[in-house]
Amino acid sequence: MKLSSNQLKSIYFGAYSIIETHDGYLKSFQYTPEQMQYFKNLDDFWFERSDASNGKTLEFITKATHFAFEYKLSWIGSEDSIELLIDNLIMKVFYVKDLEKEGTLSFNLPNYNKKVVINLPTDATILIRNAQANDEVIPVIKKHKVLWMGDSITQGYGSFRSAHTYVNVVNRYCDYDIINQGLGGYIYDSKVLMPMKGYSPDKIVVALGTNQYETDDFAEIETYYEKLEQLYQNTPVLCITPIYRGDSIYGLKKLIHFSEKLKMICSKYPNIKIIDGFKLVPHTSEYFIDEVHPNELGAELYGRNLVQAIFDLNF
């Protein structure tokens, strides 16, 4: 059976909003139009990435043995993947580098009732339409609504596998209903914190700082958390300090100093819990693509260690 646009929207997770284009594709957004306009005025690099499909998934329960949809890739940053998970096990990987810009993706599914998750690309923009299944698809029921704010590591760059980004790993274990506002190259910028009409997260995760750790001016970071409190009041917030990076031995002292200062700023707020990023990814190059961005294994470990830290903190 062919799914209607509304049925497809009901199994489409990770979006703040979804629009239907003139040719019937669904296009999703993790930012508000006002935030998108801010990025457009600021820098083309950030604007393009603010439009990417990071954190987006199709998730449903079904007995169907076949599922398919038409897609269009309108922008590609790095070539990662589209991945099929059955009951949280990865069963199929489509690499963006092997895909045409437009086409149809088909998935053969096992013949029993199961949870299906399809991770869409993290560093590309994908539009989808005309989904079909040979049995009923039932949207999953998610737990907490969690808003993630971060840089390229949060967006998912480095693993080149959409199911292995650390945010998607956490989502896999915690079953969060996420919006991933990770953005390549980004920093603490209070101006991007704007009201998201109709959206109220249960929890917020902030993982920023690795792109500005050499600064000696923390005023903007203090302003960021002040504005975050104004917008979201007592909503629980998790601050992840920057993870280890091995690109500069001399820079490590600066990075550690930055992290300690960040902890001091966040400690002023009773609703903010802090996780030391240095404890999340091993401190060796085998876990990074470039000494800064975790690779597939590094991102998977990041996510799993973060899940344990979240449980330990009762966040």
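Table for the structure above
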read-out: Stokes-Einstein D in µm²/s, Kirkwood radius over Cα pairs - segment 145-313 at 20 °C with 1.002 mPa s viscosity; value: 134
read-out: Helix-only CD estimate at 222 nm, as mean residue ellipticity for the chain, using -39500 (n - 2.57) per DSSP H run (n ≥ 4); value: -8000 deg cm²/dmol
read-out: GluC sites (Glu not before Pro), loop per DSSP, at most 15 other Cβ atoms within 10 Å - longest free stretch of the chain; value: 1-78
read-out: 19 Å cut-off, amide nitrogen to a point 7 angstrom out along H257 Cα→Cβ, residues in segment 222-236; value: 222
read-out: Two-site FRET efficiency, D43 against S17, from Cβ-Cβ distance with R₀ of 25 Å, rounded to 0.05; value: 0.65
read-out: Within the chain: Cβ-based charge dipole about Cα centre, in debye rounded to nearest 20 (Lys, Arg +1; Asp, Glu -1); value: 900
read-out: Two-decimal ratio, the chain, of alpha-carbon radius of gyration to 2.2 N^0.38 Å; value: 0.98
read-out: Trypsin sites (Lys or Arg not before Pro) restricted to segment 254-285 and DSSP loop, no more than 13 other C-beta within 10 Å; value: K268
read-out: Pairs from K27/K97; K63/K142; K97/K145; K101/K197; K27/K114; K2/K197 whose Cα-Cα separation, in the structure shown, is over 24 Å; value: K97/K145; K101/K197; K27/K114; K2/K197
read-out: Virtual spin-label span in nm between E226 and N134, 7 Å along Cα→Cβ; value: 6.2
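Where a number appears in this text, it was derived from the coordinates with a stated rule and is not lab data. The model shown is predicted, which means the values in this text are computed figures rather than measured ones. Heads up, the Cβs are rebuilt from the backbone with ideal geometry, glycines too, and the neighbour counts pull from every protein chain shown.
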